[in-house]
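Structure first, then comments.
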Amino acid sequence: MEDAVVTPSPPALELERVVKSFGPVVALRSGSLTMRRGSIHALVGENGAGKSTLVKIVAGLYRRDSGELRLEGESVDFTSTSQSKAAGIAVIYQEPTLFPDLTVTENIFMGRQPTDRIGRIDRRAMRAEALEIFERLGVAINPDRVVEGLSIADQQLIEIAKAISLDARVMIMDEPTAALSGFEVERLFAVARSLRDEDRALLFISHRFDEVFELCDTVTVMRDGSYIDTLPIDETSVDELVSLMVGRDVTEMYPKLPADVGDVVLEVEGLTRTGVFRDISFSVRAGEIVGLAGLVGAGRSEVARAVFGVDRYEAGSVRLHGRPLPGGNPRLSTARGVALVPEDRRKQGLVLDDGVSRNITLSIRSRLAKWGLLWSGLENEAAKVWASRLEVKTAALDAEAGTLSGGNQQKLVLGKWLATEPKLLIVDEPTRGIDVGTKAEVHRLISTLAQQGIAILMISSELPEVLGMADRVLVMREGSLTAEFSRDEATPENVMRAATVAQEVSR
Amino acid sequence: MTATGAAPARTYRNHARPAWRRALLNREAAIIAILVIVYVVSLAVVPNFSGPLTITYLLRDVAPILLIALPMTLIIVTEEIDLSVASVVGLSSVLTGLLTQAGVPFLWAAVVAVLAGALAGVLNGFLVTVVGLPSLAVTIGTLALFRGIAVGLLGTTAITEFPEEWTSFARSNIPGTPVPTIMVAFAVLAVVFAVVLHFTPFGRALFAIGLNKEAAAFSGIDVGRSKFLLFVASGAVSAFAGVYFTLLYSNARGDNAMGLELQIIAAVLLGGVSIFGGRGAMHGVIAGVLLIGTLGSALRLANVTSDIINVITGLLLVFSVISSSLLAWVHDRRAAAIGRRRGVSAPSSRTP
């Protein structure tokens with residue numbers, strides 16, 4: 001926190017009661033936001049609070065249904081991203097969208113290369129401007145190299161350079177730090193501050209409060225698609241922001257129940273897949289919740305998929321209750337009592353266009369059949385049991401899974417796998433993109449399952465979730481297991497360090 | 001195990017829509033209705049259509065399409081396609097003819113032909129599921145390959161000598177009815193395929209594959225193996241249709257059933273199976289085949305030329321494809337409109 005005194009300046013961008021719905025689903029109920037020049041504004045809210053929808057409306061990806069969008073006081077209506085770019089708005093996404101085979105310079109000037117008198121692309125002018133921008137930002141990126149192989153952090157800086165060369169007055173960064181290491185975050189913040197000092201308006205979306213308090217001067221909170229409040233950063237606290245975001249206290253967020261830890265259920269030894277993960281060894285006991293932490297792309301989901309058999313591995317072994325579990329056969333894994341709740345419920349977890357009850361019974365369809373035959377009555381009977389245990393909210397059992405809310409979809413995936421009566425439950429990002437109430441329910445469920453003696457391997461990118469739920473925490477970084485902590489040893493600092501900082505380990 | 005403690009048990013309705021709407025407002029019911037209308041109108045308007053001979057000839061002619069449409073439906077439900085079926089008919093016809101000519105008992109010739117068809121399906125299935133090529137490309141290739149082999153084996157000649165008892169059996173009717181005997185075989189196969197598709201775990205897997213391959217794989221479904229089996233079934237049934245075709249016209253030629261694959265696929269799509277996979281029902285497909293057959297037969301009797309008949313079936317198909325897209329579009333628009341009204345005037349009181 002360096003400059004606490006923000007002189008009032010005309011709003012660079014203003015949103016007032018903006019509404020956007022997709023079919024019957026209201027994504028943005030009432031979005032309001034005021035961004036000023038020379039200010040870094042934080043936008044916080046739970047997943048599904050409407051932040052991304054709001055950003056996409058500003059970026060011209062979506063058109064609002066109603067409400068006001070004003071740029072420098074003038075009402076605007078973008079029907080395409082090129083219009084919003086031309087108006088001086090730049091959006092930097094978590095995953096940059098660059099052309100990997102083109103050079104850094106070519107990417108910065110894609111679609112609007114400067115030309116000389118006879119209409120040829122003026123490479124010299126392009127390169128000179130790219131160099132000047134990088135110098136201003138104080139970063140060392142070779143403008144002549146191809147983008148392929150650059151880190152996410154460097155790619156984001158290229159997007160920022162692009163925005164600067166476009167002279168964007170309004171810059172929006174949507175969770176830019178999610179995949180960055182500590183050093184890279186610091187460098188990004190230095191760049192953000194210099195952009196602020198150039199009198200630009202910045203919006204910073206993040207789930208990490210320490211970053212919000214370090215970088216921003218104002219914060220707007222959203223909840224359930226609506227604007228809640230805007231506060232100067234030095235007049236608020238983490239606790240206040242959390243309660244504004246959640247709308248109630250979060251004491252019951254991580255209801256960890258005591259469970260008897262029993263025999264070893266899963267033993268993984270030396271699991272390796274070239275270029276993805278290497279030499280992974282760990283075990284999970286009955287009744288134990290083992291958290292698997294790390295950054296996005298560290299190879300955690302890939303390990304889970306290899307254990308379950310959706311992907312293959314090249315070396316190593318998986319043993320279940322002491323018996324070897326052959327790889328590459330999810331059907332066998334399921335029969336032997338392994339269940340995987342995958343990270344992407346819409347693509348991997350559910351058949352969105354199929355009904356609720358068919359989804360719940362998909363993995364147990366052979367078990368359910370009588371004389372080899374299967375009909376809706378049998379499916380509905382089984383589905384009812386699991387839907388009501390997990391309190392799935394749905395219009396009917398034949399309603400398409402895609403019509404359910406994110407939280408209910410996640411319950412559906414959980415129900416589908418609990419129906420297989422697993423001994424080992426692997427959950428990958430079990431609460432991503434679901435509302436707070438359901439999140440607590442999912443945590444309670446996982447805790448209860450552990451208490452009943454199921455071995456649980458929980459992959460999560462949310463540190464509080466891992467720390468709040470796990471008996472033991474494993475940390476992965478760039479395909480390797482880098483640390484293991486007991487529940488008492490696992491602090492945010494320890495885990496983050498193991499997940500981000502390269503150690504002098506011999507390969 | 002009670003997962004979430006003492007919660008009041010929720011009750012669930014089985015269906016979102018009342019039974020009559022589910023039964024009547026769908027693609028299959030619409031096609032059946034159109035079939036009935038076309039049939040009744042033809043009875044009234046087209047001279048000679050009402051005779052029992054019409055039914056006999058109509059069913060004889062559509063029998064190969066009906067047969068091959070069964071496995072084709074399952075294949076399209078998994079979002080694949082088999083364009084080589086008509087070439088397999090040709091190949092099977094030539095094999096049956098050559099073997100019979102060489103003195104092999106007819107039944108054995110037919111069995112060999114069906115096995116050869118299954119083998120052709122193995123090749124398709126191998127290229128699609130093991131090598132991982134798109135079925136559209138693979139079966140365009142094998143369409144040419146199998147046809148080439150068929151024509152290569154027999155040249156431009158035809159074999160027309162077949163055991164009398166078999167040819168007359170192929171042309172016989174179920175005693176006391178105008179319905180051809182082949183319909184017994186079709187009925188048995190139709191029941192088998194319909195039950196497999198709609199009432200077995202394997203059938204559920206096929207729909208899941210067609211709607212979301214990845215989720216199917218995550219649910220322990222062996223996507224490759226399932227598709228492989230379908231291609232083999234498609235080859236075998238096509239070859240069986242080829243044997244029937246040969247007997248019916250006492251004619252084994254390399255170019256038999258040329259272009260039949262497009263009629264089969266058209267009928268399957270008309271019957272309500274989605275070309276994008278995951279949607280369709282067997283009764284709709286059967287109605288679709290019969291609709292195209294009835295329309296063709298009625299128009300021929302009314303002395304309409306085959307060019308015009310092609311134009312009409314083509315239009316029917318285009319319209320049926322458009323109509324489902326159109327319905328989906330109207331549905332989306334309505335849902336969006338409802339959403340907008342709710343969003344502005346009545347914010348739902350969902351607990352945060």
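What follows is calculated from the coordinates using simple rules that are stated; it is not laboratory data. None of these values were measured; they are calculated from a predicted model. Neighbour counts are summed over all protein chains in view; Cβ atoms, including those assigned to glycine, are modelled from backbone coordinates with ideal geometry.
Quick notes on this one:
- In this simple spin-label approximation, B:W329 and A:R312 carry label points 7 Å from Cα along the Cα→Cβ vector, and these lie 4.5 nm apart.
- Whole-Hz ³J(HN,Hα) from phi, Karplus 6.51 cos²θ - 1.76 cosθ + 1.60, for region A:233-241, glycine and proline x: 5, 7, 10, 9, 9, 4, 4, 5, 4
- Region A:348-421 - percent relative contact order, Cα under 8 Å, separation 6 or more: 48
- Amide hydrogen neighbours beyond the local backbone of A:R477, cut-off 5 Å, H modeled: A:T482
- When you restrict to C-alpha pairs under 8 Å that are six or more residues apart and normalise by the size of chain A, the relative contact order lands at 15 percent.
- Whole-percent P(r), the protein assembly as shown, all Cα pairs, 10 Å bins from 0: 2, 11, 17, 19, 18, 15, 10, 6, 2, 0, 0.
- Going from the residue with the fewest nearby Cβ atoms within 10 Å to the one with the most, A:R193, A:R323 rank A:R323, A:R193.
- Scalar couplings 3J(HN,Hα) for region A:390-403, obtained by applying the Karplus form with A = 6.51, B = -1.76, C = 1.60 to θ = phi - 60°, are 9, 6, 5, 9, 8, 5, 7, 6, 9, 5, 5, 4, x, 7 Hz; x denotes Gly and Pro.
- DSSP-assigned coil residues among chymotrypsin sites (Phe, Trp or Tyr not before Pro) in region A:359-432, each with at most 10 further Cβ atoms within 10 Å: A:W371
- For the residues B:F218, B:F186, B:F146, a GNM of chain B with alpha-carbon springs under 10 Å puts the largest fluctuation on B:F218.
- Anisotropy class of region B:194-334 from Cα gyration tensor, a/c 1.5 cut: oblate
- Average beta-carbon neighbours from other chains, 10 Å sphere, peptide A:388-399: 5
- Rounded to the nearest 10 degrees, the angle from helix A:152-165 to the longest Cα principal axis of chain A is 30 degrees.
- Annotation for A:R112 and B:T157: the two label points, set 7 Å from Cα along the Cα-Cβ direction, are 7.6 nm apart.
- Annotation for A:K347 and A:L131: the two label points, set 7 Å from Cα along the Cα-Cβ direction, are 4.1 nm apart.
- Cross-link pairs exceeding 23 Å between alpha carbons, from the set A:K51/A:K439; A:K256/A:K439; A:K56/A:K162; A:K256/A:K393; A:K416/A:K439: A:K256/A:K393.
- Per-pair calculated FRET efficiency, R0 = 56 Å: A:D210 and B:I140 via Cβ, rounded to 0.05: 0.45
- Computed E for B:H283/B:I322 - FRET, C-beta separation, R0 25 angstrom, nearest 0.05: 0.65
- Reachable lysines from B:K227, criterion Cα separation under 17 angstrom, eight or more residues apart if same chain: B:K213
- Each Cα pair under 8 Å and six or more residues apart adds its sequence gap; the mean of these over the residue count of region A:13-247 is a relative contact order of 30 percent.
- Scanning chain B for DSSP H helices at least 18 Å long along the axis (C-alpha atoms) with a Kyte-Doolittle mean no lower than 1.6 picks out B:27-45, B:52-77, B:106-125, B:135-154, B:182-199.
- For chain A, the longest principal axis of the alpha carbon atoms and the long axis of helix A:436-451 meet at an angle near 30°.
- All Cα-Cα separations within region A:412-491 were binned at 5 Å from zero, giving a P(r) of 3, 13, 25, 26, 18, 11, 4, each value a whole percent of the pairs.
- FRET E, pair A:F183, A:V264, Förster distance 30 Å, beta-carbon r, rounded to 0.05: 0.20
- Peptide-level mean, for B:18-31, of C-beta atoms on other protein chains within 10 Å: 0
- Compared with the dominant Cα axis of chain A, that is its longest principal axis, helix A:123-137 is turned about 70°.
- Sparsely packed trypsin sites (Lys or Arg not before Pro) within region A:126-183, loop by DSSP, other Cβ within 10 Å at most 13: A:R145
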